[in-house]
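Asker: Provided herewith is a single structure, encoded as structure tokens, for subsequent inquiry.
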Amino acid sequence: MDYKDRLTSIQNRIAQACGRSGRRPEEVTVVAVTKYIGIQETRALLATGIQDLGENRIQVALPKVKEIKDSARWHFIGSLQTNKVKDVLPHFHLIHSLDRLSLAKEMQKQAEKLDCTASCLIQVNISGEQTKSGLAPDEVPSFLKEIAGMDRVQVQGLMTMAPITDDPEEARPVFRGLRELRDQLRPEYPDISHLSMGMSGDFEVAVEEGATLVRLGSVLVKP
Ligand SMILES: *Cc1c(COP(=O)(O)O)cnc(C)c1O
């Protein structure tokens, strides 16, 4: 199957999940995760009409990002070291992994220097797994207060990673938890709208639970 066929099949599955949950397919953006592929394949992927690309490691991403530049909106989806913020900010449209105060401070500082804004999502550890990064859900309100004065840091939503399991239904409570957290925050923080959740194995469940950004790697690009 080529990328276009795979994308069409994914879009159909998203449309069906939207149908089951009373949502519109336009509310869901596919972020194609290109960490498994090189520059040529990434170009082929863009030819399908995909506009949003995701990478989780800056060293792997930079050659592709510099080559492809503005032909795509780049999403930084991996955990971000503070000393890499200056490399990420100039190239990435949205950072999905804001998970600590020191990172927000560095984003503010570098965004001031570059005279840009740092658009980001707060990563939340809904499942509570020790191995997962992200703030605990009950830490998010105080975190938002702490960064409220950072005018360059714009929080546009929340992101979570579900446990890796064979049964996507096991991820449902995690996705639902992220949506409920967003809905609790929204009266006070109307800009917090995006939910980045769902990967190849569980994106339909994530869409049913309200995902606005699904991060798809293997289902789309793995040979
Ligand atoms: C690799 C990766 C994905 C995509 O995973 P697939 O299961 O291949 O779709 C999504 N999110 C993050 C943070 C990743 O690192």
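The values are calculated or read from the model by the stated rules, or taken from the named source; none is laboratory data. Small disclaimer: the values here were computed from a predicted structure and weren't measured. Ideal geometry is used to build each Cβ from the backbone, glycine not excepted, and the neighbour counts take in all protein chains shown. Areas reflect the complete protein model, heavy atoms only, side chains present, ligands, DNA and RNA absent. Shrake-Rupley method; radii C 1.70, N 1.55, O 1.52, S 1.80 Å.
Asker: Give me the one-decimal nm value for the distance between modelled label points at Glu146 and Glu188, 7 Å along each residue's Cα-to-Cβ direction.
Answerer: So the label points at Glu146 and Glu188 sit 1.5 nm apart.
Asker: Name the most mobile residue of Leu144, Leu45, Leu195, meaning the one with the largest mean-square fluctuation, in a Gaussian network model of the chain with Cα contacts below 10 Å.
Answerer: Comparing Leu144, Leu45, Leu195 in a Gaussian network model of the chain, the most mobile one is Leu144.
Asker: At 7 Å along the Cα-to-beta-carbon direction for both Ser102 and Glu169, put a label point, then send me their distance in nm to one decimal.
Answerer: 4.2
Asker: Over the heavy atoms of Leu185, what accessible area does a 1.4 Å probe trace out, to the nearest 10 Å²?
Answerer: 10
Asker: State the answer as a single residue: which of Pro190, Leu144, Val33 lies farthest towards the positive end of the charge dipole of the stretch 3-216, with beta carbon charges of +1 for Lys and Arg and -1 for Asp and Glu, about the Cα centre.
Answerer: After comparing all options, I get Val33.
Asker: Quick check: at a probe of 1.4 Å, how many percent of the accessible area of the stretch 58-122 sits on carbon and sulfur atoms?
Answerer: 47
Asker: Let me ask something else. Cα convex hull of the stretch 3-216: mean projected area in nm², to one decimal?
Answerer: If you wrap the Cα atoms of the stretch 3-216 in a convex hull and average its projections, you get 11.5 nm².
Asker: Right, here's the next one. Using amide H atoms built in the peptide plane, which far-off residues or other-chain residues are under 5 Å from Ser97 H to H?
Answerer: Hits under the 5 Å cutoff: Leu121.
Asker: Given a Förster radius of 41 Å and the C-beta distance between Asn12 and Leu114 as r, what FRET efficiency does 1/(1 + (r/R0)^6) yield to the nearest 0.05? Show your work: numbers first, answer last.
Answerer: Values: r = 40 Å, r/R0 = 0.98.
Computed FRET efficiency for Asn12 and Leu114: 0.55.
Asker: Across the stretch 125-140, in residue order, what do the Karplus-derived ³J(HN,Hα) couplings come to in whole Hz, using 6.51 cos²θ - 1.76 cosθ + 1.60 with θ = phi - 60° and x for Gly and Pro?
Answerer: Each residue of the stretch 125-140 in turn: 8, 6, 6, x, 4, 4, 6, 8, 8, x, 6, 5, x, 6, 8, 5 Hz.
Asker: To the nearest 20 debye, what charge dipole does the chain have about its Cα centre, counting +1 at the Cβ of each Lys and Arg and -1 at the Cβ of each Asp and Glu? The partial results should precede the final answer.
Answerer: Numbers: 29 positive and 31 negative charges, 127 e Å.
Here the chain has a charge dipole of around 600 debye.
Asker: Could you work out the relative contact order of the chain? I mean the mean sequence separation of Cα pairs under 8 Å and 6+ apart, divided by the number of residues, in percent.
Answerer: Working: 401 pairs, mean separation 47.1, N = 223.
The normalised contact order for the chain reaches 21 percent.
Asker: Helix-only estimate, please: 222 nm mean residue ellipticity of the chain, summing -39500 (n - 2.57) across DSSP H runs of length 4 or more and dividing by its residues, to the nearest 500.
Answerer: Mean residue ellipticity at 222 nm (helix-derived): -11500 deg cm²/dmol.
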